[in-house]
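Taking it in order: structure first as structure tokens, then the write-up.
Coordinate-derived values only; no laboratory data. Note that this is a predicted model, so its numbers are computed, not measured. Cβ placement follows ideal geometry from the backbone for every residue including glycine, while neighbour counts extend to all protein chains displayed.
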């Protein structure tokens, strides 16, 4: 059991940090934003675009479920088995455990520009509003669809955790790229 107020406060705080961090990426050159790591992997813009693609699914899905909910709010959230597993697996670790991404969510080799950053910030502003709106419903009993399967539904609280922890994972990945920018 998780206290709903503490959970939503944590998730909103992380989301604000993500907005702030991605805002700071706007100071970087286009070349830097598109530079891939020597060891392979995504550029800063590819990391953020990957999150935008998930946001394109989850922001409207979460909004729809909150708007259509007839459930009364609860003070506690009980994570589901699968949702809790997904949420915890998204959290960044010291050595990032690689995960295969779906082709439709893989931004590798896309032509990207800084508008990717603005789109992410817009989605995160919407997510902050949805976190606030979710206080009016039951995070355990309201279910959302997930992007990888139409047959699996997660509890709203788990979906919020998965999305925001997934954002954290790739923001950390992008920050590591910024930290490795050679100084001139």
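Under the condition of being touching a residue at least 12 places away in the same chain (Cβ under 8 Å) and over 13 Å from the mean Cα position of the chain (by Cα), which residue from the stretch 147-169 is farthest from residue 7 (Cα to Cα)? Talk me through it step by step, then tell me what you get.
Looking only at the stretch 147-169, we keep the residues that are touching a residue at least 12 places away in the same chain (Cβ under 8 Å), and these are 147-148, 152, 154-169.
Cutting the leftovers down to over 13 Å from the mean Cα position of the chain (by Cα) gives us 148, 152, 154-157.
Working: 148: 24, 152: 23, 154: 16, 155: 14, 156: 12, 157: 8 Å.
Applying the filter and picking the extreme gives 148.
So, residue 135, is that one in contact (Cβ under 8 Å) with a residue 24 or more places away in the chain, assigned to a helix (DSSP H, G or I) and either within 19 Å of residue 89 (Cβ to Cβ) or in contact with a helix residue (DSSP H, G or I) (Cβ under 9 Å, 6 or more places away or on another chain) (or both) or not? Break it down stepwise before answering.
Values: in contact (Cβ under 8 Å) with a residue 24 or more places away in the chain: yes; assigned to a helix (DSSP H, G or I): yes; either within 19 Å of residue 89 (Cβ to Cβ) or in contact with a helix residue (DSSP H, G or I) (Cβ under 9 Å, 6 or more places away or on another chain) (or both): yes.
In short, yes.
Quick one: would you say residue 172 is within 20 Å of residue 3 (Cβ to Cβ) and either touching a residue at least 24 places away in the same chain (Cβ under 8 Å) or touching a helix residue (DSSP H, G or I) at 6+ places or on another chain (Cβ under 6 Å) (or both)?
Details: within 20 Å of residue 3 (Cβ to Cβ): no; either touching a residue at least 24 places away in the same chain (Cβ under 8 Å) or touching a helix residue (DSSP H, G or I) at 6+ places or on another chain (Cβ under 6 Å) (or both): yes.
Taking the combined requirement at face value, the residue does not satisfy it.
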